[in-house]
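Laboratory data are not the source of any read-out in this text; all were calculated from the coordinates shown. Not measured: the values here are computed from a predicted model. Here the Cβ positions follow ideal geometry from the backbone for every residue, glycine too, while neighbour counts run over all protein chains shown.
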Amino acid sequence: MSLTLPQSLSSELFGVLPELSLGAIFGYCAGYAIKKIGRMTLLLVGLLFLAVQILAWQGLVTVHWSELQARAAPWLQQGGQQLSGWGLKVLTTNLPFGGAFVAALLVGLRAR
């Protein structure tokens, strides 16, 4: 038993297929790379925090965490707003490519 598609649907599907497959390949690669780079970044940030805490415990440095938070909060908030606006533009520019990219990006993030 084979499934046959109507001629108009199959021609539309085959017209979008290259974009979908390319988006899926790039999305998977990007997700995998983001996962690996993210793990290394988190490891480095954690080790840096640990080193600062040890230095503070030894009395070699004094860290004013409230001042650090006050200075970093506006910067992080502005960065998050810009990133969300940029991400929305990227995903809606070329919908078949973007949809396949995001789906494969999530698969890549879940890959071992």
Worksheet item: Under a point spin-label approximation (7 Å from Cα along Cα-to-Cβ), what is the GLN78-LEU50 distance to one decimal in nm?
Response: 3.3
Worksheet item: How far apart, in nm, are the 7 Å Cα→Cβ label points at ARG110 and ARG39?
Response: 1.7
Worksheet entry | Cβ-based exposure ranking for LYS35, LYS89, in which fewest neighbours within 10 Å come first | LYS89, LYS35
Worksheet item: What list do you get for PHE49, PHE26 if you sort them by fewest beta carbons within 10 Å?
Response: PHE49, PHE26
Item to complete: With a 10 Å radius around each residue's Cβ, average the other Cβ atoms per peptide and rank 65-72, 97-104, highest first.
Response: 97-104, 65-72
